[in-house]
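What follows is a short report on a single structure.
The values are calculated or read from the model by the stated rules, or taken from the named source; none is laboratory data. All figures in this text were calculated on a predicted structure; none of them were measured in a lab. Quick reminder, even Gly has a Cβ in these numbers, built from the backbone with ideal geometry, and neighbours come from all protein chains shown.
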């Protein structure tokens with residue numbers, strides 16, 4: 001669906017710093033005089049994410065592979081559809097800038113990662129994009145930034161983090177399966193190349209780059225993207 005505004009997505013595996021970088025970008029654009037909207041998916045506090053919460057809590061199976069990627073994707077897509085109709089549609093139509101921490105791209109990363117056969121994975125990705133962008137009419141992102149951080153590093157960063165849904169120490173079914181996260185990461189790197197995502201390397205040498213350093217790289221690209229519209 002065509003929109004007048006801009007949809008910018010910050011993507012990455014669990015623990016890669018998506019929420020932090022989305023917040024940094026929001027604050028910087030606000031200081032520039034722009035008035036972006038910041039959203040984070042899934043919206044755990046909203047009724048539209050009920051099936052996502054059940055899935056991640058292990059109510060449909062304690063292993064991510066217990067639930068078909070096609071089925072699990074509809075849980076997340078329903079929440080995004082509600083968000084779009086409730087908050088984003090008019091805002092984007094009026095020329096607003098939306099900054100999303102996760103989006104359809106997360107289904108591409110985590111659900112397609114369940115499929116080991118390349119042909120099956122391609123078929124799923126085609127179905128997914130047709131479903132979310134075609135049938136549901138969700139907007140296609142104008143830019144997708146992938147925070148590239150190895151899963152062994154993100155696992156260390158998540159070690160003491162509470163469950164985002166319950167606030168407890170127990171991990172959700174994705175975070176509780178390291179091999180699944182490694183598969184998702186490998187899949188994400190392929191997707192970034194195949195779909196033209198903007199890769200942001202979060203490791204320099206053998207050290208994690210600072211939050212500010214990563215932010216400045218993202219901000220520079222976003223500023224250039226928005227400047228193109230300003231010149232029209």
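What number of residues in region 89-115 are over 22 Å from residue 14 (Cα atoms) and within 16 Å of the chain's Cα centre (by Cα)?
Total satisfying the criteria: 0.
Matching residues to (1) in contact with a helix residue (DSSP H, G or I) (Cβ under 7 Å, 6 or more places away or on another chain); (2) surrounded by fewer than 20 Cβ atoms within 10 Å (Cβ to Cβ); (3) under 24 Å from residue 43 (Cα atoms); (4) modelled with pLDDT of 90 or more:
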site: 123; (1), (2), (3), (4): no, yes, no, yes
site: 134; (1), (2), (3), (4): no, yes, yes, yes
site: 138; (1), (2), (3), (4): yes, no, yes, yes
site: 143; (1), (2), (3), (4): yes, yes, yes, yes
site: 159; (1), (2), (3), (4): no, yes, yes, no
site: 170; (1), (2), (3), (4): no, yes, yes, no
site: 173; (1), (2), (3), (4): yes, no, yes, no
site: 179; (1), (2), (3), (4): no, yes, no, no
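Which residue is surrounded by the most Cβ atoms within 10 Å (Cβ to Cβ), if the candidates are limited to region 197-232 and must be in a loop (DSSP other than H, G, I, E, B) and touching a residue at least 40 places away in the same chain (Cβ under 8 Å)?
The selected residue is 202.
Taking the residues in region 6-43 that are at pLDDT 95 or above and either assigned to a loop (DSSP other than H, G, I, E, B) or on the phi > 0 side of the Ramachandran plot (or both) as candidates, determine which candidate is nearest to the chain's Cα centre (by Cα).
Here the answer is 41.
For region 1-44, which positions are over 30 Å from residue 55 (Cα atoms), surrounded by fewer than 17 Cβ atoms within 10 Å (Cβ to Cβ) and in contact with a strand residue (DSSP E or B) (Cβ under 9 Å, 6 or more places away or on another chain)?
Result: 34, 35.
Kindly indicate whether any position in region 151-161 is in a strand (DSSP E or B), closer than 30 Å to residue 203 by Cα, in contact (Cβ under 8 Å) with a residue 60 or more places away in the chain and over 15 Å from the mean Cα position of the chain (by Cα).
The answer is no, given that none of the residues of region 151-161 is in a strand (DSSP E or B), closer than 30 Å to residue 203 by Cα, in contact (Cβ under 8 Å) with a residue 60 or more places away in the chain and over 15 Å from the mean Cα position of the chain (by Cα).
Please tell me if residue 123 is without any contact (Cβ under 8 Å) to a residue 40 or more places away in the chain and in a helix (DSSP H, G or I).
Answer is yes for this residue.
Tell me yes or no: at least one residue of region 51-67 is at pLDDT 95 or above, within 15 Å of the chain's Cα centre (by Cα), surrounded by 17 or more Cβ atoms within 10 Å (Cβ to Cβ) and under 23 Å from residue 131 (Cβ atoms).
Looking through region 51-67, at least one residue is at pLDDT 95 or above, within 15 Å of the chain's Cα centre (by Cα), surrounded by 17 or more Cβ atoms within 10 Å (Cβ to Cβ) and under 23 Å from residue 131 (Cβ atoms).
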